[in-house]
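Working notes, structure below.
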Number of protein chains: 2
Amino acid sequence: MVTPSRKQREIQEREAQILKLARPILLREGYQPLSMDRLATLMEYAKGTLYNHFPNKEEIVLALAIESMELRLKMFEAASIASRVPRERLLAIGAACELYTQSCADHFAIEDWIRNSTIWNKSSTARQDLIRQCEGRCMSIVSGIVRDAVAHGDLKLENDLTAEEMIFGFWAINYGSQVLAATSPSLVSLGVPNAPRAIRHHCFTLLNGFGWQPMGDFADHIKAMDRFGDLLRKQFADQLTNR
Amino acid sequence: MVTPSRKQREIQEREAQILKLARPILLREGYQPLSMDRLATLMEYAKGTLYNHFPNKEEIVLALAIESMELRLKMFEAASIASRVPRERLLAIGAACELYTQSCADHFAIEDWIRNSTIWNKSSTARQDLIRQCEGRCMSIVSGIVRDAVAHGDLKLENDLTAEEMIFGFWAINYGSQVLAATSPSLVSLGVPNAPRAIRHHCFTLLNGFGWQPMGDFADHIKAMDRFGDLLRKQFADQLTNR
DNA sequence: TCAAATATCGACGATGCGTCAAAAAAAGTC
DNA sequence: GACTTTTTTTGACGCATCGTCGATATTTGA
């Protein structure tokens, strides 16, 4: 018994609208000012109706994060085919990370909320699974590049390191530096005025440390990342909000 | 006009007691279950008295984080004099990080709360400054090691990288991986069963990428870190709670 | 011993989450 | 079109928590 559909569509669209209203509040005012009453008023629906869509406030945050992670995933997919040389493909992923955090700072900030235990623990396993799945797809795109590099003879993994473990390192350094840059009270006064450049340098050093061919010098590395950055910026021009 | 002191001491001690009661709640039950009413009941004082000590709930969290960061700082200080070889001193710092996150998981988890914008923004600049100061001291301990290495000729910083920027990389990779390990839904299923080992490997690779002398092989690296870990574990035996 | 200063108390207002029974709207039936 | 049944919407309600503030108790100092 398929429910015809006008009403059904209406409900579906409302869900998107809730998220659209919630996003800027969470982003620009924070978690507490994002209240269900306020959201209901803005929507011009009763609070109870909101609760038909989301069982609690936390789920809204997760839903927002899922939207964001899907954008990131698309960027990763685009980056992963930006070159035929594995090392460059990884640089392109790095450029995607930069672009995402800098020009989709909103999305990046939202993703971070899901690491908050208060929020994570109150949300449904269904949405948690979606997030896990997204993470898994991101990981397999990037670890695939590593495997290609190994297959092409550009890279040798030593000491039983797996492709995923290797990627974990790049993930950690990128994620870590971005969070630190965003939340550490004044990196500048700690002596790190240009965090993005520092990170590029570290990734460069790490790649060389692994002996990943072909190794250029740091200037080449910078140039390549800028090139991929521009490429992605064009491809995703309509999605880049900030800066 | 110095207030005599019995009462004054009493008040001072109460502050410590509040933190002592608050810590396990925040840790084991989370931010929301840590309520001012509950804390007041536990203290057998009225809520208003609590508010004489801390202007709001967030400040309590910051105060806890400061306690934790001071322990970390002590570990860093101990680590930084655990050897005369700069590269080994940095390994010792790495071991301190490991020990802190693994065996003082409580403290590490608490530190992370202050990165929550909700909490940070509601706290006083006075306590925020204390935190900044702590971070600064940590940074200067570790960047001092880098400078020593340069002075001893063990390391050459290229491409205008400063000691602080270099440290920032290690900080990011350690911090990032620890947060990811703690919050990323099942790293294991992503293909990273042994995150700590992976991080050791990445730090090893990074050090070599920078050409920091003397370079041993990975087995030596592991051995050295284990040695420093044991050393610190003994020194801080009384403070290590978990595991 | 008593007045001024300080500390403590806990009821109170305000806010926000999530519920649920009643009302409204839509879908289905003849 | 008149009806019954199902689904959706509503918003007042119960409950919890934060932070306040005037009243009360305690300490200090003369």
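The values are calculated or read from the model by the stated rules, or taken from the named source; none is laboratory data. What you are looking at is a predicted structure, and each value in this text was computed from that prediction instead of being measured. Here the Cβ positions follow ideal geometry from the backbone for every residue, glycine too, while neighbour counts run over all protein chains shown. These area figures cover heavy atoms from the full protein model, side chains too; ligands, DNA and RNA do not enter into them. Shrake-Rupley method; radii C 1.70, N 1.55, O 1.52, S 1.80 Å.
Sorted from shortest to longest, the distances between the residue B:49 label points of this copy and the other copies are 5.0 nm, with each point 7 Å from Cα along the line through the beta carbon. Using Cβ point charges alone (K and R +1, D and E -1), the dipole size of the protein assembly as shown about the Cα centre works out to roughly 740 debye. Taking 7 Å steps out from each Cα toward its Cβ at residue A:81 and residue B:45 produces label points 6.4 nm apart.
Please work out the C-alpha center-to-center distance from region A:11-64 to region A:159-210 and express it in whole Å. For region A:11-64 versus region A:159-210, the Cα centre distance is 34 Å.
Distance from the C-alpha centroid of region B:107-157 to that of region A:67-101: 31 Å, rounded to the whole angstrom.
In plain terms, the chain from residue A:157 to residue A:32 could stretch by 40.4 nm, reckoned as 0.36 nm per residue minus the Cα-Cα distance. Approximating the spin labels as points 7 Å out from Cα along Cα→Cβ, the residue A:238-to-residue A:124 distance works out to 3.0 nm.
Here's the picture: charge each Lys and Arg Cβ at +1 and each Asp and Glu Cβ at -1 in chain B, and of B:214, B:235, B:118 the one pushed furthest to the positive end of that dipole is B:235. Chain A contacts chain B over a buried accessible area of about 4400 Å², both sides summed; the probe is 1.4 Å and only protein chains count.
Net charge dipole, region A:1-53: roughly 100 debye, given to the nearest 20, about the Cα centre with Cβ charges of +1 for Lys and Arg and -1 for Asp and Glu. For chain A, the dipole from Cβ point charges (+1 on Lys and Arg, -1 on Asp and Glu) about the Cα centre works out to 540 debye, to the nearest 20.
Any idea which of A:43, A:141, A:174 is furthest toward the positive side of the dipole for chain A, if Lys and Arg beta-carbons carry +1 and Asp and Glu beta-carbons -1? Comparing the listed Cα positions along the dipole, A:43 ranks first.
Ranking A:52, A:225, A:32 by how far each Cα lies toward the positive end of the dipole of the protein assembly as shown (charges on Cβ) leaves A:52 at the top. Across identical copies of the chain, residue B:117 has label-point separations of 2.3 nm, listed in ascending order, with the point defined 7 angstrom from Cα along Cα→Cβ. Here region A:1-53 exposes an accessible surface that is 52 percent carbon and sulfur, computed with a 1.4 Å probe and the other protein chains kept in place. Loop-located GluC sites (Glu not before Pro) across region A:97-175 with a Cβ neighbour count of 15 or fewer within 10 Å are A:158, with loop assigned by DSSP.
For GluC sites (Glu not before Pro), the sites in region A:42-74 that DSSP calls loop and that have at most 13 other Cβ atoms within 10 Å are A:44. In the full protein context, region A:68-239 carries 41 Å² of accessible surface per residue, based on a 1.4 Å probe and ignoring ligands, DNA and RNA. Taking a ≥ b ≥ c as the square roots of the eigenvalues of the alpha-carbon gyration tensor, region B:94-243 is classed oblate because a/c is 1.5 or more while a/b is no larger than b/c.
Between copies, the label points of residue B:156, set 7 Å from Cα on the Cα→Cβ line, lie 2.5 nm apart, reported in increasing order to one decimal in nanometres. R0 = 60 Å: FRET efficiency of residue B:150 with residue A:10, Cβ-based, nearest 0.05? Computed FRET efficiency for residue B:150 and residue A:10: 0.35.
Can you work out D for region B:1-53 in µm² s⁻¹ from Stokes-Einstein, where Rh is the Kirkwood radius over C-alpha pairs, the temperature is 37 °C and the viscosity is 0.692 mPa s? Translational D for this selection: 275 µm²/s. Counting only alpha carbon atoms, the long axis of helix A:218-235 and the longest principal axis of chain A meet at about 30°.
On the basis of the beta-carbon distance and an R0 of 45 Å, residue A:20 and residue B:189 show a calculated FRET efficiency of 0.90.
Computed from the Kirkwood radius of its Cα pairs, the Stokes-Einstein diffusion coefficient for region A:1-114 at 20 °C and 1.002 mPa s stands at 134 µm²/s.
Based on the Stokes-Einstein relation at 20 °C and a viscosity of 1.002 mPa s, and on the Kirkwood radius from alpha carbon pairs, region A:163-243 is assigned a translational diffusion coefficient of 148 µm²/s.
Solvent-accessible area of region A:68-239 (1.4 angstrom probe, protein heavy atoms only): carbon and sulfur portion equals 52 percent.
As a ratio to 2.2 N^0.38 Å, the alpha-carbon radius of gyration for the protein assembly as shown is 1.05.
Within straight-line reach of residue A:223, meaning a Cα separation under 27 Å, sit the following lysines at least 8 residues removed in sequence or on another chain: A:74, A:156, A:234, B:156.
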